[in-house]
Amino acid sequence: MQTQRTRAPTTLVAAAFVMTLSSAFGQTYFIGLFAPWLKQELGLTDGSFGTLYMVATLASAAVLMWAGRVAGLFRIRRLAVIVLVGLAATALAMSFAPSAMLLLPVLFGLRLFGQGFLGHLAMTGVGRWYVRRRGRMMSVAVLGFPASEAVMPFAAVALIGAVGWRETWQIVAGFLCLVSVPLVLFFLRREPSPGEAAEAADTPAAPRRDWSRADVLRRPVFYALLAGIVTPPFIVTGILFHQTTLVATKGWTLAWFTAWFPVYALASVATALVAGALIDRFTARQLLPFYLLPLAVGVTALAVTNSLYAAPVFMALAAVTNGAAQTLIGALWAELFGVRHLGAIRSVAFAAVVFSTALAPAIMGVLLDAGVRLEAQYLAMAAYTVFATGLLWSLRPSLDRIVATSTS
């Protein structure tokens, strides 16, 4: 007998929003703002800082791949509080970082708790809690990402100017403990257990067969999907990590570039909401081949012109891809492989995303040290994005067969 599902409370997705918002402090666009001070005080070059960042992020990806399955075993409420407190402790440690070697474990903690676990817990929770409204609820949960992108860079620059970069990290730690943790505890007070069905569905929204992680890892199509899905995080992370070098190369100011983050956020919000409605109507796999194209155009704009307005063009178009991706990819894994082992499957996919964000800063930093101009790197990124679009298009028949086989 199938377990009766009740309507999942909206407060659950509010908690997911708080988690995605709080993940800002482990994201590249936020950490990258502190690069000038870190490099100056700790004696780092673009390449050495990028390499440290790569090592820390790779280590966090390895831990996430191993430990990410806990999201499917325990209540998100308990795990989220542990992760938020861990992120706060690491932010506090960042404010006291005295050397490059001690910076490494701090970066590891920021990446693991911030970029890694908070987003993973939020997306796994929404995928498990909601069925009929999964696309729409996913689009609400991911709004925390653009909301933080709109506010946090400007706030960080202002705080650095007012109180200093180290003190800014202390304020971050206080925000996480005094705001994020209480909100998550409040919103998840009615969270269902991992084995308890959460929401009624008029028609089955997930495959009847729930794939295990081992089953998924044996399918070549999974790795082909990852080759396309990691494209936006790799490119956007690389560009934003080296944003201070970008603005110096273009003759802009950091204030000008970061002033366009609200445009990025608004475009992400609009795209995420539209994508959520379209997913519920057309399915995630049908929309998958189209979402990378705006990013290709935006990166090309950065490569071919020094105009001040290349910044908002890139921000807007990259945000369209990113907003679609946050909703689309969050729904894709549940749509293809079911929800019983969603935490374990997502941990592998998310670890691949984190892995890509580890490589980008280091590769770009080493290339910069070797004299390879940013414009040439951006053109290569745009070319790969076009290739990845074609790859995802070619996978459509295989994805349709997976769903057909699972529901037969």
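The values are calculated or read from the model by the stated rules, or taken from the named source; none is laboratory data. What you see is a predicted model, and the numbers here were worked out from it, not measured in a lab. Here Cβ is always computed from backbone atoms with ideal geometry, including for glycine, and neighbour counts include all displayed protein chains. Ligands, DNA and RNA are stripped out before the accessible areas are found, and what is left, the full protein with its side chains, is counted by its heavy atoms. Shrake-Rupley method; radii C 1.70, N 1.55, O 1.52, S 1.80 Å.
Tabulated results
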item	result
Failed item in (1) open to solvent by 10 Å² or more (accessible area, probe 1.4 Å); (2) of a type outside the set (Lys, Arg); (3) assigned to a helix (DSSP H, G or I); (4) farther than 24 Å from Leu336 by Cβ, with Pro98 passing the rest	(3)
Within region 342-357, tally of residues that are modelled with pLDDT under 80 and under 14 Å from Val236 (Cβ atoms)	2
Single unsatisfied condition, Ala404 versus (1) aliphatic (A, V, I, L, M); (2) surrounded by fewer than 18 Cβ atoms within 10 Å (Cβ to Cβ); (3) within 29 Å of Arg213 (Cβ to Cβ); (4) modelled with pLDDT of 85 or more	(4)
Number of the condition not met by Leu52 [criteria: (1) without any contact (Cβ under 8 Å) to a residue 24 or more places away in the chain; (2) of a type in the set (A, V, I, L, M, F, W, C); (3) crowded, with 16+ Cβ neighbours inside 10 Å]	(1)
Condition check for Ala227: more than 30 Å from Arg69 (Cβ to Cβ), out of contact with any Lys or Arg (no Cβ under 6 Å at 6 or more places or on another chain), among the small types (Gly, Ala, Ser) and open to solvent by 10 Å² or more (accessible area, probe 1.4 Å)	no
Region 183-193, subset open to solvent by 20 Å² or more (accessible area, probe 1.4 Å) and more than 23 Å from the chain's Cα centre (by Cα), residue modelled with the highest pLDDT	Phe186
Only one of Val163, Val83, Val140, Val126 that is of a type outside the set (S, T, N, Q), out of contact with any Phe, Trp or Tyr (no Cβ under 8 Å at 6 or more places or on another chain) and in contact (Cβ under 8 Å) with a residue 12 or more places away in the chain	Val126
Residue in region 132-177 that is most open to solvent (accessible area, probe 1.4 Å), counting only those that are in a helix (DSSP H, G or I) and basic (Lys, Arg)	Arg136
Among (1) without any contact (Cβ under 8 Å) to a residue 40 or more places away in the chain; (2) of a type outside the set (Ser, Thr, Tyr); (3) on the phi > 0 side of the Ramachandran plot, the one test that Arg218 misses	(3)
Verdict on Phe108 being crowded, with 18+ Cβ neighbours inside 10 Å, at pLDDT 80 or above and more than 22 Å from Pro182 (Cβ to Cβ)	yes
Any hit, region 198-207, residues being at pLDDT 80 or above and either open to solvent by less than 30 Å² (accessible area, probe 1.4 Å) or not in a helix (DSSP H, G or I) (or both)	no
Conditions (1) free of Cβ contacts under 8 Å to residues at least 60 places away in the same chain; (2) open to solvent by 20 Å² or more (accessible area, probe 1.4 Å); (3) closer than 15 Å to Ile235 by Cα: number failed by Met315	(2)
Region 283-310, subset within 21 Å of the chain's Cα centre (by Cα) and small (Gly, Ala, Ser), residue farthest from Ala267 (Cα to Cα)	Ala284
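Residues are listed down the side, and each one gets a yes or a no for (1) under 19 Å from Gly330 (Cβ atoms); (2) aromatic (Phe, Trp, Tyr); (3) touching a strand residue (DSSP E or B) at 6+ places or on another chain (Cβ under 7 Å):
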residue	(1), (2), (3)
Tyr223	no, yes, no
Ile229	yes, no, no
Ile235	no, no, no
Thr244	no, no, no
Lys250	no, no, no
Trp256	no, yes, no
Trp260	no, yes, no
Ser268	yes, no, no
Ile279	yes, no, no
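Each row is one residue, and each column tells you yes or no for (1) touching a residue at least 60 places away in the same chain (Cβ under 8 Å); (2) farther than 30 Å from Gly251 by Cβ; (3) open to solvent by 20 Å² or more (accessible area, probe 1.4 Å).
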{"residue": "Phe282", "(1), (2), (3)": "no, yes, yes"}
{"residue": "Gln286", "(1), (2), (3)": "yes, yes, yes"}
{"residue": "Leu293", "(1), (2), (3)": "yes, no, yes"}
{"residue": "Ala296", "(1), (2), (3)": "yes, no, no"}
{"residue": "Val299", "(1), (2), (3)": "yes, no, no"}
{"residue": "Val304", "(1), (2), (3)": "yes, no, yes"}
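Conditions tested, residue by residue: (1) under 20 Å from Asn322 (Cβ atoms); (2) among the basic types (Lys, Arg); (3) in a loop (DSSP other than H, G, I, E, B).
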residue	(1), (2), (3)
Leu12	no, no, no
Ala15	no, no, no
Leu21	yes, no, no
Phe34	no, no, no
Leu44	no, no, yes
Ala59	no, no, no
